[in-house]
Amino acid sequence: MANQEDHFKAVISHAKEYGYVFPSSEIYDGLSAVYDYGPLGCELKNNLKQYWWKSMVQLNENIVGIDAAIFMHPKTWKASGHTDAFNDPLIDNKDSKKRYRADVLVEEWVAKIEGKINKEVQKATKRFGDDFDEAQFRATNPRVLRNQEKIDEANKQFKSAMNAEDLEAVRQLIIDLDIADPVSGSRNWTEVRQFNLMFSTEMGSTADGAQTIYLRPETAQGIFVNFLNVQKTARVKVPFGIAQIGKAFRNEIVARQFIFRMREFEQMEMQFFVRPGEEMKWYEHWKEARMQWHLSLGLPKEKYRFHDHLKMAHYANAAADIEFEFPFGMKELEGIHSRTDFDLKQHQALSGKKLQYFDPEINENYVPYVVETSIGLDRLFLAVLSTALETETLEDGSSRVVMKIPAFLAPYKVAVLPLTKKDGLPDKAREIMDGLKLQYNCQYDEKDAIGKRYRRQDAIGTPFALTVDHQTLEDDTVTIRERDSMEQERIKIEELAGRIAQKLQHTF
Ligand code: GAP
C-alpha cells in the first residue's frame, strides 16, 4: 500500500464493497459518524464479542455479566458527574468556521513532534545498523531531547489548564504552540468553551410533563446501579467483576475516522470491585491482563503500547490507555481506569440507598473501590480490519487482495466450492457443507471459475476453501486450500472437521 492514508481509504471502501460496514441510512446520503454493520461485519463483531465474553466472564469464576437498559433514571447521570462534567473543550476557527476539540489539537501537535523524533530515530537506525542502541540515542541526542522537552512542557501546561478549568489558558497554549487550523492554515481562534456530549430525549407525553432522559454515554453506570442486585443474587465476594456489552451514545463534535469515533457505538466494559487500598494492585493486574488479551488476538505486538493519562476523567485516580497503531496513528483502543469509590458513593448519596459490601474476611462494611476495563468494540473491529487487509503481489506478477483476519475470528470459516455445477458435484458439496455447518459458519459458492472464487474468499477473509471435484465422487477426498499460504492439500472428507478444528484452535 502506497501509504497509510491510501490504506485507510482502501479499508473503508473494502468494508463497504464486501458488506462489512455501510454508512448509516446511505440512501439519504448517510448520517454523520453513524454506521451500520453488514452481513460480514455483524459476524466479525459477534465473534469479537464472544471472544471477549468468553475470556472475561466465562473463564473467570469471579466475573459475572449483565445486560442493563440504555435508558436510566436521569439522576444516574447527575450522580456519575456526566450532567455537569462530561464535556469536551471546543474551539472554532474564525476564518474557516470549523470547530475543533482543543485537546485534540494539542494531541495532534504532540503527535507531530513525536513524528519528528521517530524520524531522527529511523535515520540513526539506518546509519548505525546493528550497533544502534535506540534507548541511548533517545536519552542523549540533543534534537530528540529538545523535542521531548517541548512535548513534556505542552502536556504539563495542558493538564494544569484543564485541571484548573482555565479555558483561557488552553486557548493561550494553542496560540503559543502556533497551532494552525488543519484545513485553512489560519491561526485566528475563538475562545474555548465546554460542550456536553450526552444525547437527551423525552420520556412520556409532554401533556403529563415529560421527563428528560439521556442515552447512556457509557455502559458502566448500568453496572454501578445494579451493584447490590448482582452481588446478592450471584453471591459473589470481593474481589469480583461485573461485565457488560452494549451500546453507548456521545454527541461527538470531531466525528471522523470512520468507525473510530462514532456517535452511536458499542462498549465492552468490566467493573472490578475491590477492597479499598487494594485498587492499585488490581489496576496493574488488569492493565497487564488486558494487554495479554490483545496480544492473544494475533495482531502484531509492535502495534500496541500503553499511554498513561495526563488528564484524568473526573472519576479516576489512575488511568491508562492501550493504544493501537491505526492507519491514522497510535490511538486509544481500550481504557483501564482506577475509578476509586466515586461512582458507588455518588449513587449512594443521590439515591439514599446504601451501596456497601460486608467483607466477612475482615469483618467490615465498606464501599468497594473499582477498577474498570473499557474497550470500544468498533475500534477493536477497525484494528482487526485495518491490520488484516493486504494487497499481495504473487509470483506470477498478479496481485490479490486478502483479508488475513485471525482465523478464529473470521466471519466464515469455510467456503465449499464445487468445481463445476454439473455431474452431481453441487449435491456432494452441499452434503459436505451439511456435515460442517453446525460447527463452522460456511459459505457455499458455485458461481464463476474456481480461481475467481478463491479470490472472493480471500477478499472476505475465509481461512479455508474446500474444492469438490470429480475425484471427490470416487474417493471421498477434497482439496483444502489455506487463505494465507494458498497451499492446497488433498484430504479425506472424514478428516475435514478435525483438520479445521486443529487450525482454528485458539488459546486464551
Ligand atoms: N466507562 C469508561 C469509558 O467510557 P472512555 O475512555 O470514554 O471510558 C472507553 O471510553 C472506550 O470506548 C474507548 O477506549 C474507546 O475504545 C471507546 N469509545 C469511546 N468513545 C467512542 C466513540 N465515539 N466511538 C467509538 N468508540 C468509542
task: Scan region 366-379 and report the pairs whose first residue is assigned by TED's automatic domain parsing to the domain that holds Y37 and modelled with pLDDT of 95 or more and whose second residue is β-branched (V, I, T) and within 9 Å of the ligand (Cβ to nearest atom), with Cβ atoms within less than 6 Å and a gap of 6+ or a chain change.
output: D378/I259
message: So in region 178-194, with the set limited to residues that are in contact (Cβ under 8 Å) with a residue 40 or more places away in the chain and among the small types (G, A, S), which one is farthest from the ligand (Cβ to nearest atom)?
response: S186
query: Only one residue in F342, F358 is modelled with pLDDT of 95 or more and within 15 Å of the ligand (Cβ to nearest atom). Which one?
result: F342
query: Within region 380-396, restricting attention to residues that are β-branched (V, I, T) and open to solvent by 70 Å² or more (accessible area, probe 1.4 Å), which residue is farthest from the ligand (Cβ to nearest atom)?
result: T393
query: What about T125, is it surrounded by 11 or more Cβ atoms within 10 Å (Cβ to Cβ), closer than 30 Å to E252 by Cβ, not assigned by TED's automatic domain parsing to the domain that holds Q267 and not acidic (D, E)?
result: no
Lone unmet requirement of (1) open to solvent by 50 Å² or more (accessible area, probe 1.4 Å); (2) in contact with a Phe, Trp or Tyr (Cβ under 7 Å, 6 or more places away or on another chain); (3) polar (S, T, N, Q) for Q439: (2)
message: Looking only at region 352-379, count every residue that is within 33 Å of the chain's Cα centre (by Cα) and open to solvent by 20 Å² or more (accessible area, probe 1.4 Å) and tell me the total.
response: 3
query: Mind checking whether some residue in region 56-69 is assigned to a helix (DSSP H, G or I), outside the structural domain of G461 (by TED's automatic domain parsing), closer than 28 Å to M330 by Cβ and of a type in the set (A, V, I, L, M, F, W, C)?
result: yes
Pick from region 254-279, criterion within 24 Å of S13 (Cα to Cα) and either at pLDDT below 95 or more than 16 Å from the chain's Cα centre (by Cα) (or both), ranking: surrounded by the most Cβ atoms within 10 Å (Cβ to Cβ): Q257
message: Yes or no: region 83-102 includes at least one residue that is within 29 Å of H285 (Cβ to Cβ) and out of contact with any helix residue (DSSP H, G or I) (no Cβ under 6 Å at 6 or more places or on another chain).
response: yes
query: Restricting attention to region 319-336, and to residues there that are in contact (Cβ under 8 Å) with a residue 24 or more places away in the chain and open to solvent by 20 Å² or more (accessible area, probe 1.4 Å), which single residue is nearest to the ligand (Cβ to nearest atom)?
result: E332
message: Please determine whether any residue of region 33-49 is assigned to a helix (DSSP H, G or I) and acidic (D, E).
response: yes
- line: Note: among D423, D469, D448, just one is in contact with a strand residue (DSSP E or B) (Cβ under 9 Å, 6 or more places away or on another chain) and either at pLDDT 95 or above or outside the structural domain of V11 (by TED's automatic domain parsing) (or both), namely D469
Spans of strands (runs of 3 or more DSSP E) in region 195-271 with at least 1 residues within 16 Å of the ligand (Cβ to nearest atom) and not assigned by TED's automatic domain parsing to the domain that holds S55: 211-214
- prompt: Quick one: which of W109, W77 is in contact with a Ser or Thr (Cβ under 8 Å, 6 or more places away or on another chain), open to solvent by less than 60 Å² (accessible area, probe 1.4 Å) and aromatic (F, W, Y)?
  reply: W77
query: What about N251, is it more than 28 Å from R99 (Cβ to Cβ) and polar (S, T, N, Q)?
result: no
message: Let me spell it out: the conditions are (1) within 15 Å of the ligand (Cβ to nearest atom); (2) at pLDDT 95 or above; (3) within 14 Å of the chain's Cα centre (by Cα); (4) open to solvent by 20 Å² or more (accessible area, probe 1.4 Å), and K287 meets all of them except one. Which number is the exception?
response: (3)
- line: Being without any contact (Cβ under 8 Å) to a residue 12 or more places away in the chain and more than 16 Å from the ligand (Cβ to nearest atom) narrows K413, K452 down to just K452
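Mind listing whichever residues of region 1-16 are assigned to a helix (DSSP H, G or I) and either surrounded by 13 or more Cβ atoms within 10 Å (Cβ to Cβ) or touching a strand residue (DSSP E or B) at 6+ places or on another chain (Cβ under 9 Å) (or both)?
Q4, H7, F8, K9, A10, V11, I12, H14, A15, K16
The values are calculated or read from the model by the stated rules, or taken from the named source; none is laboratory data. All values reported here derive from a predicted model rather than from experimental measurement. Reconstructed Cβ throughout: ideal geometry from the backbone, glycine too, with neighbour counts over all protein chains shown. SASA here: full protein model, heavy atoms, side chains in, ligands and nucleic acids out. Shrake-Rupley method; radii C 1.70, N 1.55, O 1.52, S 1.80 Å.
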